[in-house]
Amino acid sequence: MKDPEKPLDNRREIRYNKTEEKERKETTMKKLTAIAFVLIALFGTATAEIYPETAKVVEVDYENDLVTVETFCGFLFAFEGCEDWYIGDCASLIMEDNGTESVKDDEIIMAQYSAWELVNWQYCED
């Protein structure tokens, strides 16, 4: 029979009691937290956020495969993939603000057709 005190193979056997295990986990978490703080300090934090937007299709350029949409506030954005889009369609957009205050540099992450018509399309006041 095999000796229960000896490991089954030539690898070193490591045994921790509960206190040692807890201390090892705490040390690991402290190291990871320190690394995270260093990375944040070096590279900054990501401030870009995503938000939903609704827009109306105002132009479909089949030659360049480009759909142009206009938001309620009058901003124009474009995305590729015009196969099923028509002027007047309503699009639900997921936008990314690129971490800036200006809407002019925002990008469309995703565009989805909305199967309802916009009845009272009004623009925002400046």
Just for the stretch 60-91: of the residues that are surrounded by 15 or more Cβ atoms within 10 Å (Cβ to Cβ) and not hydrophobic (A, V, I, L, M, F, W, C), which one is farthest from Ile50 (Cα to Cα)? Asp89
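To keep it simple, each residue is scored yes or no on (1) part of a helix (DSSP H, G or I); (2) under 30 Å from Gly88 (Cβ atoms); (3) at pLDDT below 75.
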site: Pro4; (1), (2), (3): no, no, yes
site: Pro7; (1), (2), (3): no, no, yes
site: Arg11; (1), (2), (3): no, no, yes
site: Tyr16; (1), (2), (3): no, no, yes
site: Lys25; (1), (2), (3): yes, no, no
site: Thr28; (1), (2), (3): yes, no, no
site: Glu53; (1), (2), (3): no, yes, no
Between a residue in the stretch 60-75 that is assigned by TED's automatic domain parsing to the domain that holds Ile87 and any residue that is of a type in the set (Ser, Thr, Tyr), which pairs come within a Cβ distance under 6 Å, given they are 6 or more apart or on different chains? Gly74/Tyr123
Here are some conditions: (1) loosely packed, with under 13 Cβ neighbours inside 10 Å; (2) under 15 Å from Val58 (Cα atoms); (3) modelled with pLDDT of 90 or more. Asp105 meets all but one. Which one does it not meet? (2)
Look at the stretch 65-97 and say how many of its residues are in a strand (DSSP E or B) and farther than 13 Å from Ser114 by Cβ. 12
A careful count of residues in the stretch 76-96 that are touching a residue at least 40 places away in the same chain (Cβ under 8 Å) and among the aromatic types (Phe, Trp, Tyr) gives 0
Residue count, the stretch 82-109 (criterion: touching a strand residue (DSSP E or B) at 6+ places or on another chain (Cβ under 9 Å) and at negative phi): 19
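The values are calculated or read from the model by the stated rules, or taken from the named source; none is laboratory data. It should be emphasised that the depicted structure is a prediction, and the values quoted were computed from it without experimental measurement. As a convention, Cβ positions derive from the backbone with ideal geometry for all residues, glycine included, and neighbour counts pool all protein chains shown.
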